[in-house]
């Protein structure tokens, strides 16, 4: 089921499925909730899976002004708060893994564990060019890109929308380990 929640003056589209330990899915920049369809369906039998559209993606508007990974991490924390979730396992893909890492740094009490896929150790020139000209960003610039720390429970090389079964199995394995 989907609903809008208020976060930092922006209405953010969220979808939540299942019951059990809370898992927040943070999509790559420009990916809508639908990019997580395989995970929403494949993990909701044992977990409460929450996904949301980042600013400028899917049903969430792109507000005026600059964006930063930090502000998007604050959005993720606000989504958890609006849904009454104190702590969640957090899984990020690509640009969403950068947001998830910043969420863990800025709001450590909200993050029970991290699953990071297709992530990187730090922002580079390629990322900066992509962020300025990339999909759905209308040439908006990301600011304050920190040097990321990499931590993952295995890695995957395919996007959530492709090869979803393999990624669902890997995420299920990581989540079982963290919740046992």
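The table that follows gives values for the structure above.
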read-out: Scope region 9-32; condition over 19 Å from residue 86 (Cβ atoms), touching a helix residue (DSSP H, G or I) at 6+ places or on another chain (Cβ under 9 Å) and either part of a loop (DSSP other than H, G, I, E, B) or modelled with pLDDT under 90 (or both); matching residues; value: 10, 27, 28, 29, 30, 31
read-out: Criterion (in contact with a strand residue (DSSP E or B) (Cβ under 9 Å, 6 or more places away or on another chain), outside any loop (DSSP other than H, G, I, E, B) and touching a residue at least 12 places away in the same chain (Cβ under 8 Å)) met by exactly one of 112, 55; value: 112
read-out: Sole exception among (1) surrounded by fewer than 20 Cβ atoms within 10 Å (Cβ to Cβ); (2) in contact with a strand residue (DSSP E or B) (Cβ under 8 Å, 6 or more places away or on another chain); (3) modelled with pLDDT under 95 for residue 48, by number; value: (3)
read-out: Scope region 79-99; condition under 13 Å from the mean Cα position of the chain (by Cα) and surrounded by fewer than 21 Cβ atoms within 10 Å (Cβ to Cβ); matching residues; value: none
read-out: Residue count for region 21-45, restricted to those that are buried (at least 22 other Cβ atoms within 10 Å of the Cβ) and within 12 Å of the chain's Cα centre (by Cα); value: 11
read-out: Count of region 65-87 residues which are at pLDDT 90 or above and part of a loop (DSSP other than H, G, I, E, B); value: 5
read-out: Qualifying residue in region 64-73 (condition: surrounded by fewer than 22 Cβ atoms within 10 Å (Cβ to Cβ) and without any contact (Cβ under 8 Å) to a residue 40 or more places away in the chain); value: yes
read-out: Selection within region 81-93 - closer than 20 Å to residue 113 by Cβ and in contact with a strand residue (DSSP E or B) (Cβ under 6 Å, 6 or more places away or on another chain); value: 85, 87, 88, 89, 90, 91, 92, 93
read-out: Within region 88-109, considering residues that are farther than 21 Å from residue 3 by Cα and outside any helix (DSSP H, G or I), the one modelled with the highest pLDDT; value: 107
read-out: Search result, residues across region 11-20 that are surrounded by 17 or more Cβ atoms within 10 Å (Cβ to Cβ) and under 17 Å from the mean Cα position of the chain (by Cα); value: 12, 13, 14, 15, 16, 17
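The values are calculated or read from the model by the stated rules, or taken from the named source; none is laboratory data. Fair warning: this is a prediction, and the values are worked out from it, not measured in the lab. Quick reminder, even Gly has a Cβ in these numbers, built from the backbone with ideal geometry, and neighbours come from all protein chains shown.
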